[in-house]
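Notes to accompany the following structure.
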């Protein structure tokens, strides 16, 4: 990066996206060596070093603190090739630059390409992310910006890849970098199936990708009904051959990084809601649901989650917000302060409620209860929600928190609902009022 900013984007922001692309695009089998420039080109590593997250963080931080003073791009390209030659190796050279001074005239640009590739003793592939875009050139019947002509030919003749970041919105930069740096599988499809359930309303956060690196993360937001483990089937084309893999993943017990949730929300709104869904004809009910999804629930509903399968299955499904809770209380008969229930009772507090209410179920300790079912109906008789508690005998009380959602995670409209308690021996019903 030869300037402090590129098309209004701060240099540090570009390097931050590049860091994510490195972390997602490299594997433990890879070794890397960094080269940067201030007054001249310099290597941060004197030999190839095994990839690690900490190594990438250290090198990116050094790069942030080293702002180029002179434009040394042609020399850096040849010096990178010489680094491979000294070790009698071939490999890949990943370039991130906003230089715009070597894209024309075409003769000069092609001289740089020839001198760079001709000096390579073994095959070297160039993968280039262009963050420049200034200085337009007209070559033949096509317009090029910055170093596009140079980078297109350097990547094409070395059988590499190239992307122009300055042509894309910032939220697509990481996908574009991954397409450029780690193109391995194309035409990817992924189908997560929860055990004893189903998935629907799924949205792929890697949607802008033309290719997909099988060692990278795959992100989805969606609504899922059922529990882990998930059977994930993903497949595509790998080196022009059909590729498929089945992966069983369990729930992810680790916290979701706040920055990832932030990126997910930005994708959800800018790509899915604003640019896709709201551009299509929608019913009034759908529009209202989208509004509630985006505003009342901070864009994501409690039943949304991430499917993030890694190659080893270590990353997995994660619900963003906890489900409605079911609490079973045990009443101790030896405690004189505790009033034991003499009969079955069903009540709700608060009632009316917004946004949640607690449904209390009481029964005598000597009652033979093997299962408690709670069903919630609209006034039209449609069952909208259900809860089941197995083997609650001798517990005395069950508390169920209901947040006014249906079985699919959708927010129900305000109104009166019928809550029905069903056991093998009796049933009771009460009315509750949901306010908005």
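The numbers here are math on the coordinates, done by the rules we state, and not lab data. Note that the structure is a prediction, hence the values are computed from the model and not measured. In this analysis, Cβ positions are derived from the backbone assuming ideal geometry, glycine residues included, and neighbour counts consider all displayed protein chains.
According to a simple spin-label model (label point 7 Å from Cα along Cα-to-Cβ), what is the distance in nm between residue 125 and residue 53?
Output for this residue pair reads 2.6 nm.
Of the peptides 24-34, 420-430, how do they stack up when ordered by the mean number of other Cβ atoms within 10 Å, highest first? Display every interim value, and only then the final one.
On the way: 24-34: 16.0, 420-430: 14.3.
Ranked from most to least packed, the peptides come out as 24-34, 420-430.
FRET efficiency for residue 135 and residue 356, Cβ-Cβ distance as r, R0 = 41 Å, nearest 0.05? Let's see the in-between values first.
On the way: r = 59 Å, r/R0 = 1.44.
E(calc), rounded to 0.05, equals 0.10.
Quick one: check the C-alpha center-to-center distance for region 86-151 versus region 409-436, whole angstrom.
67 Å
Under a plain spin-label model, where a point goes 7 Å from the Cα along Cα-to-Cβ, how far apart in nm are residue 433 and residue 13?
4.9 nm
So, R0 is 56 Å and r is the distance between the beta-carbons of residue 29 and residue 399; what FRET efficiency does that work out to, to 0.05? Please list the in-between numbers first.
Values: r = 52 Å, r/R0 = 0.92.
That pair, residue 29 with residue 399, gives E of 0.60.
Need one number: nm distance between label points at residue 86 and residue 40, each 7 Å from Cα along Cα→Cβ, rounded to one decimal.
1.3 nm
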